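Only the coordinates and a few stated rules stand behind these numbers; no lab work does. Please read these numbers as outputs of a predicted model, since none were measured by experiment. All Cβ positions, even for glycine, are placed from backbone atoms using ideal geometry, and neighbour counts span all protein chains on display.
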Amino acid sequence: MLKKLGKGSSHRKSKDSDEGIFSLTSAYITLQTKLGLSSTNRCGICIKNVNGTYFLDTLREVQEFLRISSREFRTEHALVNDKLGYLWIMLRGMSVEDILVASNGIADTIAERGFRDQMLAAVFEFKKIVNPNSHVDSTRLEPQFLVYNYKRERFYPFVPLGAQEKRRSDLELTLMSIISKEVPWETDMTVWYPMWGMPFDKLRI
């Protein structure tokens, strides 16, 4: 399904193509208050790999940006190639704002180098808030995701069901209904592509 994310031209062209992703700074508060979902402050940026030294130089520039800005944005990162050959830049910060600023810096760097079309999606992870007095093991709770499709500049939900390649469509529709007016939302459900095998395990919770 990742291949489909890279097909076609952008659905729309905004003055600032990264503007929509920052709508998450208010939407995550709505998710917390209305659905009891908390951001794990982790995200993954999926990129289509390109052969060649110029692309490798771009990745080195991205890593240098992340190294220099890690204290200011309070982030950690990891670069991971998945089993399908896609590159993931995994980020973890102290807040949603941290990872949004860092991910925007990554997108700007890649775009300036001429590789914007290689950027497929940014995936943001959320989990249910657990009462500290309960006996629920928060590490066993299934995550829920918001996917920002760079090609279409819109968000859509993705809620996998355990290790199975199945989805919780009911929860996805709930996510949509709660924040569809706060973020640029993908109304065409045929392009709510699943993102199996995301390497979030490469970052600490």
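Key figures for this structure:
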item: Summed residue charge, Cβ within 11 Å of Phe55's Cβ, Lys/Arg positive, Asp/Glu negative; result: +1
item: Additional length obtainable on full extension of the chain from Leu141 to Thr187, 0.36 nm per residue less Cα span; result: 13.8 nm
item: The range 60-205: radius of gyration and largest Cα-Cα distance (Dmax), Å; result: 16.0, 51
item: Centroid-to-centroid separation of the range 51-94 and the range 139-174 [C-alpha atoms, Å]; result: 23
item: Relative contact order [Cα under 8 Å, 6+ residues apart], the range 43-173, whole percent; result: 22
item: Against the rule of thumb 2.2 N^0.38 Å, how large the Cα Rg of the range 21-91 comes out; result: 1.37
